[in-house]
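**Student:** Got a structure here, written out as structure tokens. Questions coming.
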Amino acid sequence: MADFSRPPGTMDVLPEKSGVWQWVEAKAREVFDLYHYREMRTPIFEHTEIFERGVGDTTDIVQKEMYTFTDRGGRSLTLRPEGTAGVVRAFVEGKLYGGTLPGKYYYLGPMFRYEKKQAGRYRQFNQYGIEVIGSDDPRADAEVIELADHFLKELGIRHYRLELNSVGCPTCRSDHKKLLLEHLTPIKNELCTDCQSRFEKNPLRILDCKIDGHHPQVLTAPKITDHLCEDCSTHFDAVKGHLNALGVAYVITPTMVRGLDYYTRTAFEFIGTELGAQSTIIGGGRYNGLISMLGGPDLPGVGFAGGLERLLLTVDEAREQELAADRLDAFVIAMGDAAMDFSVKVLQLLRKNGIRADMDYAGRAFKAQLKLADRYHAKVALIIGDDEVEKQSVTLRDTTSKEQQLVSIEELITALQK
Ligand code: ATP
Ligand code: MG
């Protein structure tokens with residue numbers, strides 16, 4: 001039998017919900033612009049290698065979540081599972097490294113991951129994110145984090161905490177990795193299959209595994225923050241110092257390791273404290289190895305990505321209702337054919353003057369049309385019958401005071417603007 005339902009893990013945003021979506025997206029653009037980030041629009045699909053290299057082949061994303069397909073030209077393409085790899089690819093391909101650095105970019109749009117069905121997890125979901133490419137300055141890390149904090153506050157979201165860590169660089173990680181493997185080898189067989197397979201390649205990830213993260217031996221594992229090299233340690237101290245100066249509260253969380261392979265130094269997550277299992281609203285960090293890995297010069301980068309769906313779960317209900325309301329400035333109520341024809345021209349006049357207006361196209365009776373004006377919260381109803389057509393006028397009815405007056409078509413806009 002034909003299946004006419006939407007695919008699992010996708011959603012429809014119906015009109016009563018699209019208001020809040022538009023509001024959040026507009027806020028994101030407004031805040032990004034305020035901090036001087038400019039939009040980057042990249043394709044929804046890329047060559048598969050971009051993500052294999054750019055996200056990393058030990059990650060969940062590359063190992064089991066990508067929507068990969070062969071196109072008619074025999075190319076392997078993948079629907080983007082995240083935004084950073086594409087932005088960096090475009091940065092390199094557009095030779096933006098030849099311009100003013102650091103480059104500050106943002107993106108907004110759908111991402112695709114073949115995930116297990118869970119609350120707060122979709123297979124097509126929307127992310128907003130920013131990237132600063134070409135600066136190693138800890139002030140840039142602090143700006144990125146403070147921007148995220150500012151954005152959440154602008155949306156009226158209060159119940160969250162910021163977890164902060166440094167995952168060091170390849171130098172500090174190789175020392176730490178030896179200690180970590182020594183510490184974890186005795187329990188290797190007790191770990192989940194994912195952790196067993198990442199054991200040699202990316203043991204740091206075991207620390208924040210949702211299954212093994214609570215194992216007593218994992219909890220007492222050597223902390224990366226105790227093994228940072230001098231440069232990474234100085235950088236981390238500076239980031240903390242700037243956040244203190246900016247009044248952004250954080251909790252140091254040495255077990256927090258972001259999912260992507262390319263992170264270096266700063267890693268952070270904003271966690272919604274009133275959300276259930278899928279509680280990370282924004283995740284980000286520094287990725288100093290990524291640009292050169294994708295064929296660009298050896299430039300550092302820092303950024304974050306957040307999920308729009310999870311953000312929407314935390315938006316205040318009253319605000320959501322307000323944004324869902326369908327409000328018209330004017331509703332035209334017409335009686336009879338001639339009046340309806342005249343209404344068509346009245347509507348054009350209203351809309352040309354920026355007045356949000358509509359009329360009934362379903363042949364409703366007068367009373368039912370009045371009810372419609374109420375349903376759309378119209379500030380005024382413009383009543384048109386044969387009499388009004390003859391006088392080239394409308395009866396303007398204030399829906400609150402119920403006062404009515406006859407206004408000629410020439411004076412209508414001035415009368416409405418009052
Ligand atoms: P998790 O550990 O929850 O799988 P992740 O490390 O895969 O998270 P990122 O790749 O860092 O997440 O994505 C950044 C943000 O995008 C997440 O914090 C979350 O808000 C959102 N996000 C990620 N995957 C999904 C999804 N499948 N559905 C909805 N939102 C998602
Ligand atoms: Mg994930």
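The values are calculated or read from the model by the stated rules, or taken from the named source; none is laboratory data. Just so you know, these numbers come straight off a predicted model, no measurement behind them. Reconstructed Cβ throughout: ideal geometry from the backbone, glycine too, with neighbour counts over all protein chains shown. Keep in mind that these areas ignore ligands, DNA and RNA; they rest on the heavy atoms of the full protein, side chains included. Shrake-Rupley method; radii C 1.70, N 1.55, O 1.52, S 1.80 Å.
**Student:** Does Arg89 satisfy the condition of being basic (Lys, Arg), more than 28 Å from Pro300 (Cα to Cα) and either in contact (Cβ under 8 Å) with a residue 60 or more places away in the chain or within 16 Å of ligand 1 (Cβ to nearest atom) (or both)?
**Tutor:** no
**Student:** Given the options Lys178, Lys153, name the one that is free of Cβ contacts under 8 Å to residues at least 24 places away in the same chain and not assigned by TED's automatic domain parsing to the domain that holds Leu313.
**Tutor:** Criteria check complete, one pass: Lys178.
**Student:** Still on this structure, please answer the following. Are there helices (runs of 4 or more DSSP H) fully within segment 188-290 with at least 1 residues that are assigned by TED's automatic domain parsing to the domain that holds Asp316, open to solvent by 60 Å² or more (accessible area, probe 1.4 Å) and at pLDDT below 90? List them.
**Tutor:** Per the criteria, no element qualifies.
**Student:** Suppose we filter Lys64, Lys17, Lys104, Lys116 for residues that are within 16 Å of ligand 2 (Cβ to nearest atom), open to solvent by 30 Å² or more (accessible area, probe 1.4 Å) and touching a residue at least 12 places away in the same chain (Cβ under 8 Å); which single one remains?
**Tutor:** Residue meeting the stated conditions: Lys64.
**Student:** Let me ask you something else. State which residue is modelled with the lowest pLDDT when the search covers only segment 291-326 and only residues that are of a type in the set (Gly, Ala, Ser) and more than 16 Å from ligand 1 (Cβ to nearest atom).
**Tutor:** It comes out as Ala318.
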